[in-house]
Amino acid sequence: MRVMSGKTVTATLLLLSFLLLGVLYCYQNYRVSVSFELNDSRQTDSVCVCVCDVLPLSEEFHLEAEHLRYQQPSILIGRTDVVTVTPWLAPVVWDGTFDPVLLDGLYRPRNISVAVTVFAVGKYIRFLEAFLLTAEQHFFVGFNVHVYIFTDRPNEVPRVHMAPGRQVTVRSVPSSRRWQEISARRMELIQTLIEELRNHKDYIFCLDVDSRFHGRWGTESLGGLVGVIHPGYYRDQRTKFPYERRPESRAYLAPEDGDFYYCGGAFGGRLQEVHLMAKTCRQDFEADARGGIEAAWQEESHLNRYMWIHKPTKVLSPEYLWQDFKSREPEIRLVRFSGVAKNYAEIRPNT
Ligand code: 5GW
Ligand code: MN
């Protein structure tokens with residue numbers, strides 16, 4: 001047998017190490033692909049190394065419509081009396097712009113759950129019953145809804161029958177004579193609630209208690225960050241919006257700033273987005289307080305500053321927060337949620 005020369009040994013060793021590396025590399029790919037297959041319940045019966053294995057689907061954008069039957073959509077016929085998309089291409093939700101049956105069909109298989117926060121401090125407890133009763137009739141009917149009630153009068157919370165999959169949790173908060181304090185704490189309590197919920201809920205809406213549902217509020221309202229256009233200012237120039245105008249405040253918006261005037265009485269979206277907004281508004285509110293300044297409309301001012309910087313991914317028309325005392329406008333075909341007319345002097349601890 002011929003003894004191998006030094007050169008041949010080196011060449012053989014090199015070849016062997018390349019082979020080994022090749023095998024290791026393939027095995028690694030196989031492992032990655034298998035682990036994605038295992039994590040993704042949608043694909044269990046095929047093992048392939050392709051792009052879909054390293055890019056799992058995001059729930060947010062994945063809407064499957066197999067077997068759904070609904071009216072043919074059109075890009076020519078639709079509402080022409082209102083604007084249905086923002087300049088950054090977020091939908092503006094008006095009656096007639098969506099198919100509720102189709103939307104519910106798209107979200108049903110995902111078994112989504114929606115958290116709601118509502119504050120009923122002091123005499124505002126009296127609004128709670130109608131709020132809850134009408135929510136049962138109109139708010140995400142047929143979906144999982146969990147209403148978190150923050151109140152200083154837990155014993156006075158009315159018992160309202162909730163459909164299966166829907167529930168109420170009561171949380172005690174201290175009484176407060178100053179609305180400004182309640183307002184400041186609202187964002188803090190929303191922030192901490194979301195931290196507790198973590199990923200046990202998908203979406204959250206934060207609503208004023210002095211309001212009632214009159215029409216459907218459902219899956220059409222879902223989005224990353226959802227703002228509601230205030231019913232009082234949508235015909236006005238942005239210079240007229242009641243934003244905070246003092247540059248010393250962290251809620252400051254200049255006359256040439258701002259898209260819309262959004263409500264503090266209704267907002268929502270995905271948990272992570274609302275968490276970041278609540279946290280930011282709370283920090284800014286507290287920093288303002290340390291500097292001895294309070295924004296014109298407290299948290300609403302901070303929310304408006306936030307939504308100018310962080311554009312909402314969905315905007316709800318004033319159908320989603322009207323006011324009972326306001327006369328109907330022609331573009332409002334349907335009022336879905338509306339603030340009840342109240343006697344401020346009688347209901348508020350101070351003003
Ligand atoms: C509101 C104004 C002045 C003093 C106290 C309050 C107050 C508000 C209160 O005593 N208790 C209370 O629970 N709130 C909560 O804050 C309610 O959820 C209420 O819907 C929300 C916003 O206050 P609103 O509804 O009086 O504000 P507007 O701008 O809708 O009239
Ligand atoms: Mn209100």
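We did not get these values from a lab; they are worked out from the coordinates using the rules stated. Keep in mind that this is a model prediction, so the values were computed, not measured. FYI the Cβ positions are ideal-geometry reconstructions off the backbone, even for glycines, and counts take in every protein chain you see.
Brief remarks follow.
- Dipole magnitude of segment 52-192, debye to nearest 20 (Cβ charges: Lys/Arg +1, Asp/Glu -1, about Cα centre): 800 debye
- Dimensionless Rg ratio for segment 210-337, taking C-alpha atoms and the 2.2 N^0.38 Å reference: 1.07
- Fully extended contour minus Cα-Cα distance, from Thr239 to Leu57, at 0.36 nm per residue: 61.3 nm
- Under-5 Å amide H pairs with Val228, H placed in peptide plane, nonlocal only: Cys263, Leu316
- Gain on full stretching of the segment that runs from Arg79 to Arg126 - 0.36 nm per residue minus C-alpha separation: 13.1 nm
- Classified by the C-alpha gyration tensor, segment 179-228 has an oblate form. Its axis ratio a/c, with a ≥ b ≥ c, is 1.5 or above, and a/b does not exceed b/c.
- Cα gyration tensor shape of segment 267-351, rounded if a/c is under 1.5, else prolate or oblate by comparing a/b with b/c: oblate
- Three-way shape label, segment 198-266, alpha-carbon gyration tensor, a/c 1.5: prolate
- Using only side-chain charges placed at the Cβ, +1 for Lys and Arg and -1 for Asp and Glu, the dipole size of segment 76-151 relative to its Cα centre rounds to 220 debye.
- Whole-angstrom gap from segment 311-351 to segment 102-175, using each part's C-alpha centre: 19 Å
- Reachable aspartates and glutamates, given that their alpha-carbon falls under 18 Å from the alpha-carbon of Lys240 and they are not under 8 places away in the same chain: Glu256, Asp257, Asp259, Glu300
- Distances between placed amide hydrogens fall under 5 Å for Gln323 paired with Gly339, all partners being 5 or more residues away or on another chain.
- Estimated vicinal HN-Hα couplings, Hz - segment 314-331 in sequence order (Karplus 6.51, -1.76, 1.60; Gly, Pro = x): 9, 10, 9, 5, x, 4, 8, 7, 9, 10, 4, 6, 7, 6, 5, 9, x, 6
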